[in-house]
Each structure stands twice: as C-alpha cells, then as structure tokens.
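Only one structure is covered here, and it is reproduced in the block below.
The values are calculated or read from the model by the stated rules, or taken from the named source; none is laboratory data. Note that the structure is a prediction, hence the values are computed from the model and not measured. Backbone-built Cβ (ideal geometry, glycine too); neighbour counts: all protein chains shown. To get the accessible areas, we keep the full protein, side chains included, count just its heavy atoms, and leave off ligands, DNA and RNA. Shrake-Rupley method; radii C 1.70, N 1.55, O 1.52, S 1.80 Å.
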Amino acid sequence: MSIATLHPSSSTSSLSSLRVIPLSELAETSQVILSEKPRLINVTHQIPLACTVVGRTSLSSSLNHTNGLANSSGSPANRRASLAMPRQCMSPSSASHSQPLPQNCTQGGANNGDCILEQRRGHSALYSGITSVSEDLETIQIGWVGEIADQEGYVVPFKNLSESHKQSLKDMLWEQEKVVPIFLEDSRAAGHYEGYCKGVLWPLFHYILWDEATDGREERRNWEDYVFVNQKFADAIVEQYQTGDIIWIHDYHLLLVPHMLRQKLPGAAIGFFVHAPFPSSEIFRCLPKRVEILNGLLGSNQIGFQTYSYARHFISCCTRVSGYESTPRGVDAKGSTVWVGTFPIGIDAERVERQRKAPGVLPKMDAIRKLYTGKRIIVGRDKLDPVKGVQQKLQAFEKFLTNYPEMQGEVVLIQVTSPSLVENPKLEAKIAEMVANINGTFGSLNFTPVHHYHQHIDRDEYYALLSIADIGLITSVRDGMNTTSLEYIMCQQENHGPLILSEFTGTAGSLGGALMVNPWDYQGVARVIYDAMHLTKEDKAERHRQLLDHVLAHTAQFWAKNFISELILNVGTWDQSAPTPYLNLAVIVEKFHNSKKRLLMFDYDGTLTPIRKTPSAAVPQEHMLMALSALANDPANIVWVISGRDQKVLEEWLGGVENLGFSAEHGSFMRQPGSKKWVNLTESLDMGWKNDVIEIFTYYTERTQGSFIEHKRSSLTWHYRMADPDFGAFQAKECQNHLENAVLSKLPVEILVGKKNLEVRPTIINKGEIVKRLLSLHPDVEFVLCAGDDKTDEDMFRALASVGNQGHSNRHDSSSHSSRRQAPGAILAPYNDDLVAETAAKIAQAVLEHSLDYAPIVPPHSDAPGMLTSTGATVRPRNLKHKESGNSASTQASLASLSSQASLSPPVLNDYFSITIGHALKKTLANWHVTSPEELIRVLGILASTVDP
C-alpha cells in the first residue's frame, strides 16, 4: 500500500497555526492509555537506510529543465558526506562495518525512477536495539530521508527530486521496512542540522561555549528552522499514531517534538532518549532558548540518559532554570511526573562476535602483524571532532615517548579518524601538524611512531585492528557513549589487551575494569600507558573478564527493551496524576449525612488556614474554629488535625477545641481526642542526621536574608517566606540539590519541598502512617474526609487511596474537565465583620511578636506610629479586615457553585474523599480539589450546619 495518505509531506503549512501552546509553557498531559499489544513508533533524525536514485539518464533529463543535477552537483563538495566512492549497489562484504546490510532492492520502472536502499553508516547500536524490540512489538520507523544521491554519489537537490521519485521511495520504504520518510527542503534541513543542532546544541552539550559575536539574525533563522523541522516530525507522528501506541524519540535533533505531540496527543506514551551528554545547569543556562528546550523535553513521560550524571544535570536544570519541583527520580512538570532514568546503551554483542570472526578479518590481522613485527601497538579510532580528544591523545603519546625513551622504537600509535559530517579543516590541519612533529622528533627512516589514517575503513580492517591491538586508547574530552570501547573489549577475548578510557566518556561509569585517565593530564595519561604495557597476564585477564561480563550483559537489545519496559511501567503507575475535578458539594453533603460514623483528617497550614508569610501569623480563624468545634462535638465524627506544626503550637491554637485529635511534626507525635498526653513515635530513631542538615541549613540561612531555621523534635525546616521571592526560590533549589547530594544518599531521611520551605525528616515518619493507623483503629467508619495542600499531604492521600481503592474512579478526561464553565455565583458568603476583626487582631499580634523575636530592637521615631525594623522601615499591623474582604470578593468571583456541578462530576464509588487545595492541574493523588482554604472551611461549615448552604 502507499503511505502517501498516511504521511503528508507538504512544507507549506503555517507554523503558527500548528503551535497551540507556546514552547514557553508546558502542554497538558492526560492519563496515558496503552493497548494490550501496543505498536512502537520509533523516531530518529534520519532513517536507518541511505537512499540512492538510479536511472540517472531519465533523472538528469528531468532535472536539466530546472538547472539540473549535472550543473548543480558536479563538485566534490556536493557529494554525500558518507560516501568515499561512486555509489553502487554494494555487496555485504564491501559494506561499512557499522551494520549488516539488508538485501538491496529496486522499485518502479524507468519513468518513476528506481531506488536503492542500503544501511546507513554509523549508529549501529541504536538500530540494533530498535530491531530487537521489533521482535516483540510492531515497529514503525520515522525519520528524515537524509541526503539522496545518484549512483555516482552526488547529492540530488530537494527541488530537483520529482514527486514520482519521492512516492516510489515512500512506497518502497513502507512496504519493505515499515519506514515513514520525511522530506525536507535543503535550506530547512541545513538550518536545522548544520545551523542549530551542530552550531548551537552540539557545542553546548559538549561544554563548548560559542566564541563568535553576531547580530542574532542567523541564530533566529536557525531556531525557526529547528522549530519547523520538529513540527514536521510531530505532524508525521500524529498521522501514524493509533490510540495505545508507544512513541520513542531519539537525541538532540528533536528536543521539541514531545511538547508538540503532547498538544495533540495528551494521552500518548512518549519516551525520549538523549544520546549526547547533558551539561550542568551552569552551562545549560547560557542557551538563549533554554526554557523552550526544557519544556520541549518535558512533554515526554520518560526521559533517558546515558549516565547518572547526565540525568542529574537535566533534573538540576529543570529545578534551577525553570523552577520545577523535582526528586532524584523525575520532575514534577506542573501536574504530571516526567520520569528521568539512566539507560546506558550497549552494542549488539552477537553481531560483533560474528563479524570479528568473518573470513576477511584473519588475513588482515596477519597483514597488520607483519607490517608492525616486534612492535607494541596502541590503537585509537575516533571521529574528527574537537570533543573526541585526538589532540590530547597525540600530546599524551608525545609525552610518553619523552618520559620513557626506552619505549621509543618499540611502540606505535595507529590512529584512525573518520571524517565527520561537518568538515573541520582547522582541526584536521592541526592534527596533521602534530603527527608530523611527533614523527619528525621520534621517528627515523625505518620507523614511524604515529600512523594516522584520516578516512573510513571497511569493517574487516576495523575488527582486525581492534583484535591485534596491545592497548586501546580513548581520550575523549566529552562523549555521550563511546561504543568503540565496547567493540574493542569484544575483539580482545584472546589477547586481553587493556583499555585506557577517558573518565569523560559515557561508558566510564560502567567499565570498572578499564584504566581511567583525565585526557587533559598528559603526564598522567603517559604514565598509564606505560603501566598498561607492563601489566601481568593475570591482571590483564581479570580486567578483561570484568569488562566482557558487562558488555555481554548490557547489550543494545537489553538497553532498548529495558527503556521500553520502564516506560510502560511508569506510565501505568497510578502516581501519574490527571487533572483533578472540583469538589462536588451535593455529593459530599449527601454522603456525610447518610453515614453513621465518620473520620475527618485535616492538615493545618494552607488547608484550615491560609499560608502566611510569617509562620507564627497563621493563627486559626474564628469561623474555622466554629466549624471544627461543631464537627468534633458530634459523637458520630472522629476529627484529627495532622500537621507539621509542633505540639506547643497545636495546643495553643487548637487546644480549646474539645474532642479533637492531633498529630504533630508530620506524624512524629500523636494525641488522642479527649486526652492531654502526647505519644512520641520517634523515641527509638537515631536523630544524629540533624547535625549534617543544620550545617547545610545554616550555610543557606547566612546567605539568604529573611530565612530562618525551625527546629522540631523529629525534623528540621528551613523557611524562606520572608526572603526575596525570586532569590529565596533560587536558594531553596540550591539547598535542595546540596541536601540530595550530601545527605539524601547516605542517611535515612527525605526532603520535603513545602510552600516556601524545605523540611528534612526521617523516611519512616510521615502523615500517611498516621492515616493508616487511624483507619486501622476505626475500621467501621462509613465516611472519610482527608484534606491537605502540599507534598507532605500526598502521603495521606496515598495511604487513603490504597485503602479506599479510589484510583482513577473520580478522575475524568482532562479535555472534558478543562472545557467546563463554572456557573455564576459562589458558595462563599461574606465573612462576619466581628469574626474578621478578631482574627485580624490575632494575626497582627503574632506578626508583632515574630518581629520582636527575629529583628533587633530599634527605638521608634517619635513622629512615626508603629515599630521600626533594623532597616528603618515602619511596620504597622496590616488592615486585614480590608484584605480578607478583598479575598472574599475575589474568591466569590473565581468560584463556581459547588452544588451546581453535581451533574458534571463523575460518580463516586465509595465514601472516601481526599481533597487538595490548589489548581486542577496540580500534581496530586487526591481525587477532588478546591482552590483555597476559605472554600474548604465553607464546606466544613455546611457539613457542621454552622453555615447555610
């Protein structure tokens, strides 16, 4: 069948019309749907097959009418970069070593133009992994068709490629390989790849900052091309997508595609793997389009990296650059969790084993041995890129020959540098100069210490070279994942030659048996080369055994299947939240009054009272105390306040409410209703971790004006509510990263990111354990209500969900929810003026007391009422009556009637209500939400009959 109907390739569509949500914002994610046997849509920058158009006579004649091929591509500069000879239908024995070739095929007659397909050079590990997944899942491959050449190797310009050739190629690729090609205009392809990918992203990801000042016009055009090409890929994926499919996107060429897909496919399972390194936040923040790039990636459900450090850098960038909350496992992208993991890629070990034993390899091994009889051979094979460390390798080898003169004439370095897709004549000239200098200094008429080959070599020569080497030397200064090191290990099963590996390669963290070096330390590299020459046979064998075990266990097939299985597991996790529906007042009132025994559990700050800038100012409001007292006095109710506050504060503020149970410090202490005795649940725990945390908190307190440390018996909290909002948030992210690296990895504690605070507590103490305890003490309750506002309360919702098995019962499709319109009017009546005034007086007094505690005492001016701070600014009690009235008015304007939504809300399967305070897209496990504490207090008043519905 033709895939023309499945994939439109028009390049004239308007970019602005396709971008519904700007890249500066996150797209909304809904609950992911997977079919029982999903298809895999695999997306790479280029398809794995190189395409050649045959029938040159008919093609040339058609091109001559538009400044044809003979005139436009007759120079060597227009030859396809991966070709070193005229293009022919190659046999498997003469093909590149990168991948076994499929059977070449032609399609169509002379009028339509025939096409030849052969495996593209490079990326063999990637394609091997993808191929292995196709054994279990139907796989579709989407990618740019790449440069199309004629049989002589000359590139055919896009404008000269006829529709019949494109259609013939589409049909052939789809019918034989399930490949969907994307055709790009030459200017767009160049602006995307050479312009933005290689000119901006690739240097930045490899820690190379730009050193050329421009007026920005070229960068802007390249960015527009990058966005355009990413949108073309997204459109092609949407055309192929069927509900339940898995989408897997690869590398930095397509960083925006997940965001673009998420707009049209909010329920799709999207995985992204970054094959390149990912820089630290200090480097990444130099990128002008840093927010757009991060948001593009965060459209994924799962993002994979080669090493743990790359994954940590990405999470750090999301935290420090974009301000998203994060954990070591992922990023909370405003309503959905984006899982971040480490998936080191391997090689196809079976293929390498088969190819290194091919009949053509052994004769070449013998020829190389005869050429270098009696010499110790060091082998290096790299692409001609600045980050591959060829210059550092040559300088270290020169240092080796200088420091160890006895090795002169005994050791040769065979360095193969394959040409890169983007030529670098300066680097090529520099390397040639260094090689000539070494050979001129240490060589002679009958001996050359460095043999440099700047060319592609065939597969048999490549494996022969790796097999006869005495040492493999890789000195990359920055590398995503160097698979040459893995192939070297496979080829050394008989020789056991040691591997010298740069610590900056992606494989360094996995290959413990290699000799690690810093490529910038030429003296150190020279010393390691000498040591490797003198390793014992036993040491060589043991090191090689460790390396080979890892290579055989972590193959390309293992990498691909592990990534997909983790993606399926993560998107199927109930923790992946969907938009939360607004609380249905009619339902909760009905369930409340129809039950005979009820359990009510509330957080305090941000739930029963609004968040205050000064923690001691969060005194309870009178109308809240009235509702809480009425509920607690009902013998059918069991009412608890489960707070992060300490015992003293809870007793002072809420101790007057009879029959109220308390849990203090996030579950560390309990006090039963009607009792005055507190039970310490942390008596047996070691609190020695506090010393380390206090040291870190003190460091940031000294450097963040307005912050302070709150000491609790079982936890420590760093508050920055009174600090500058932007600087306080920045310091909090820095402090969080510091704690994760210095404390979280070695001590049994966890970090809670609250509202304007960071709290560190023991991992086994949390509010969820209190909820479980209460549910076990009262198994006969018929109605449960649990309300909270921040991350510490998610433990309560999780515990309640595990018992109530609410799961997704109260959730619904995000699109239907987002389309709802709230009815006019609000359930909140204006506060009683007397209650407001009484609450305002309490808050003003608390603010005054806090100021006296934390600020130096300064005598006030005689002519200025109020109190002066240390800076001389006058502090007056705020007009909270006016403030609260304003809040009430704004709340009424923004709320819909709860009771009017009964017909729109989903059915409730049982009587468990978990309510979060916040917006609908907040990442939460609660099954309902309200937008403010005032709304919740109003609901409590209705349930307690202290407020008219």
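Along the Cα→Cβ direction, 7 angstrom out, place labels at Ser684 and Lys746. What is the inter-label distance in nm?
Once both label points are built, they end up 2.7 nm from each other.
From the protein chains alone at 1.4 Å, what is the descending order of accessible area for Arg312, Arg713, Arg356, largest first?
Reading off the accessible areas and sorting them downward yields Arg713, Arg312, Arg356.
Only residues of segment 605-631 count here: report those whose backbone N is under 13 Å from the spot 7 Å along Cα→Cβ of Lys648, or say none.
616
Hey, what do the phi angles of segment 353-363 turn into as Karplus ³J(HN,Hα) couplings, whole Hz, using 6.51/-1.76/1.60 and θ = phi - 60°, x for Gly and Pro?
Whole-Hz 3J(HN,Hα) from phi for segment 353-363: 4, 5, 6, 6, 9, 5, x, x, 7, 4, x.
Heavy atoms only, probe 1.4 Å: what % of the accessible area of segment 642-790 goes to carbon and sulfur, would you let me know?
Carbon and sulfur: 48 percent of the exposed surface of segment 642-790.
Return the whole-Å distance between the Cα centroid of segment 703-722 and the Cα centroid of segment 278-306.
31
Quick one: if you stick a label point 7 Å off each Cα along the C-beta vector at His778 and Tyr372, how many nm between them?
7.9
Is segment 454-541 best put as rounded, prolate or oblate by its Cα gyration tensor, with a ≥ b ≥ c the root eigenvalues, rounded for a/c under 1.5, and otherwise prolate when a/b is larger than b/c, oblate when not?
oblate
With every protein chain present, what is the per residue accessible area of segment 312-386 (1.4 Å probe, Å²)?
With the other protein chains kept in place, segment 312-386 gives 42 Å² per residue.
In whole percent, and with a 1.4 Å probe on the protein chains, what portion of the accessible area of segment 547-626 is carbon and sulfur?
The computed percentage sits at 59.
What's the center-to-center distance, using Cα atoms, between segment 129-202 and segment 615-648 in Å?
Each part reduced to its Cα centre gives a spacing of 65 Å.
By how many nm would the segment from Asn659 to Tyr404 grow when fully extended, if each residue of separation counts as 0.36 nm and the alpha-carbon distance is taken off?
83.3 nm
So what J values fall out for segment 777-787 if you push phi through Karplus, 6.51 cos²θ - 1.76 cosθ + 1.60 with θ = phi - 60°, rounded to Hz, Gly and Pro as x?
Values, residue by residue: 6, 10, x, 9, 5, 9, 9, 10, 10, 9, 10 Hz.
How would segment 308-368 be classified by its alpha-carbon gyration tensor: rounded, prolate or oblate, with rounded meaning a/c under 1.5 and the a/b versus b/c comparison settling the rest?
Prolate shape, in that a/c is at least 1.5 and a/b is the bigger ratio.
Under 5 Å between amide hydrogens, which residues at least 5 positions from Ser326 or on another chain qualify, with H placed 1.01 Å from N in the peptide plane?
Placed amide hydrogens put Asp332 under 5 Å from Ser326.
Per-residue HN-Hα couplings for segment 502-508, Karplus 6.51 cos²θ - 1.76 cosθ + 1.60 at θ = phi - 60°, whole Hz, x for Gly and Pro?
My calculation for segment 502-508 gives 5, 6, 9, 8, x, 7, 4 Hz in order.
Apply the a/c threshold of 1.5 to the C-alpha gyration tensor of segment 377-494 and tell me whether it is rounded, prolate or oblate.
It is oblate, given that a/c is not under 1.5 and a/b is not larger than b/c.
How do the peptides 281-289, 614-622 rank, highest first, by the average count of neighbouring beta carbon atoms within 10 Å per residue?
614-622, 281-289
Given all pairs of different Cα atoms, what value in angstroms does the Kirkwood hydrodynamic radius of segment 511-668 take?
Result for segment 511-668 stands at 22.7 Å.
Long-range amide H contacts for Ile638: which residues qualify at under 5 Å (H placed 1.01 Å from N, peptide plane, sequence gap of 5 or more or a different chain)?
Counting only residues 5 or more places away or on other chains, the set is Arg598, Leu599, Leu600.
Near the amide H of Cys115, under 5 Å away, which other amide H atoms are found, from residues 5 or more places off or on another chain, if H is placed in the peptide plane?
For Cys115, the qualifying residues are Val54, Gln107.
How would you rank 755-765, 452-462, highest first, on the average number of other Cβ atoms within 10 Å across their residues?
755-765, 452-462
On the accessible surface of segment 193-278, probed at 1.4 Å, how many percent belong to carbon and sulfur atoms?
46
Take the residue pairs Lys264/Lys791; Lys357/Lys540; Lys613/Lys676; Lys591/Lys923; Lys676/Lys746; Lys676/Lys755 and return only those whose Cα atoms are more than 28 Å apart.
Lys264/Lys791; Lys613/Lys676; Lys676/Lys746; Lys676/Lys755
Using DSSP to define loop residues, name the trypsin sites (Lys or Arg not before Pro) in segment 616-690 whose beta-carbon has at most 11 other beta-carbon atoms within 10 Å.
Lys676, Lys677
Would you kindly state how much longer the chain becomes between Glu175 and Gln493 on full extension, computed as 0.36 nm times their sequence separation minus their alpha carbon distance, in nm to one decimal?
Going from the current span to full extension adds 110.4 nm.
Which length gain, in nm to one decimal place, applies between Ile764 and Gln546 when the Cα-Cα distance is subtracted from 0.36 nm times their residue separation?
74.7 nm
Send over a whole-number figure in Å² for the accessible area per residue of segment 416-555, probe 1.4 Å.
With the other protein chains kept in place, segment 416-555 gives 42 Å² per residue.
Rounded to the nearest 0.05, what FRET efficiency do Lys676 and Arg713 give with R0 = 22 Å and r taken as the Cβ-Cβ distance? Could you check?
0.80
So for each of 680-686, 145-151 I average, over its residues, the number of other beta carbons within 10 Å; can you give me the resulting order with the highest mean first?
Going by the mean number of other Cβ atoms within 10 Å, highest first, we get 145-151, 680-686.
What is the spin-label model distance, in nm, from Thr243 to Cys286 if the labels are put 7 Å beyond Cα along the C-beta direction?
That separation, rounded to one decimal, is 4.8 nm.
Taking R0 as 60 Å, what's the FRET efficiency between His451 and Lys613 from their Cβ-Cβ distance, rounded to 0.05?
Efficiency, from the Cβ-Cβ distance: 0.25.
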